[in-house]
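Read through the structure below, which is laid out as structure tokens, and then see the notes.
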């Protein structure tokens, strides 16, 4: 995509019209490095960083370039926040809940069990208090966040055997995408495992783990999980609308010119919208292909969902007691979510349920 096409299709023309385009040509070149937490073959979630970097380069006329590095190239996939905090790299592209161990509040910036969907999360971040509260918290780590994508509601994962009841979960070794859902699952007897995306297939194949969740049909098909764990469950109740973020070293961002700051903000917005649209476009066909490969598509039972919800509320109460940052942000998140659910239940819910009930 050339620069003119990129600007036309991303809605950034207004930004350039405000004077950014002429100004950038007079500026010194800027070179940044971005460390991703994701494997390069995933053109969706890893590709979001490439969309961002390409947009920055195009809007700056080549004066601002960002090299994108896959998980493990510059530093471990789960070490990227430390890298940004310390200034080893200027920025990263990751999911905040990976860093739940630093402080539970990190998870709220991405997704929590039985949290908001992608649209609701975006509304809270952009027009509620979400971005403000999260960046106040992230300031403790010398980082600034911008939305870097969303996967939409995820699947519940791949299992080597069926799980019909809570009893079936006991002792199950499952790869999960963050410490929060791990704590919730542990209350039901699951043994949580933490693995980067690129290591999941081998662990499933060898039987080191019994189940794993990643994202959804398109990514999961690329990673080959259906070959080693044929039971595909839904929904991923712990990731109703997980936000992927760009974390930027605050000193590095503050050192940018006003024009380059505006370019970064516009490019992150483009990357965020593009990722969710790409997942929504690609997942339906990927699911059809997986079903053709004779996988078993199964819903989690109401017993498992009810037990999971109860366990999640217990963990939230525990986090309220031990993390003032969590307590402050979670209270605002939950209040916003209640209003969103009440609204979505009306027009959106009725429309969706009707459309899903008919053939056309």
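The values are calculated or read from the model by the stated rules, or taken from the named source; none is laboratory data. Because the structure is predicted, anything quoted here is derived from the model rather than measured. Glycine also receives a Cβ, built like all others from the backbone with ideal geometry; neighbour counts cover every protein chain displayed.
Does residue 297 satisfy the criteria of being surrounded by 13 or more Cβ atoms within 10 Å (Cβ to Cβ) and under 17 Å from residue 146 (Cα atoms)?
no
Filter the stretch 11-40 for residues that are surrounded by fewer than 19 Cβ atoms within 10 Å (Cβ to Cβ), in a loop (DSSP other than H, G, I, E, B) and modelled with pLDDT of 95 or more and give the result.
Those that are surrounded by fewer than 19 Cβ atoms within 10 Å (Cβ to Cβ), in a loop (DSSP other than H, G, I, E, B) and modelled with pLDDT of 95 or more: 29, 40.
Can you confirm whether residue 254 is closer than 30 Å to residue 138 by Cβ, at pLDDT 95 or above, surrounded by fewer than 17 Cβ atoms within 10 Å (Cβ to Cβ) and over 24 Å from the mean Cα position of the chain (by Cα)?
yes
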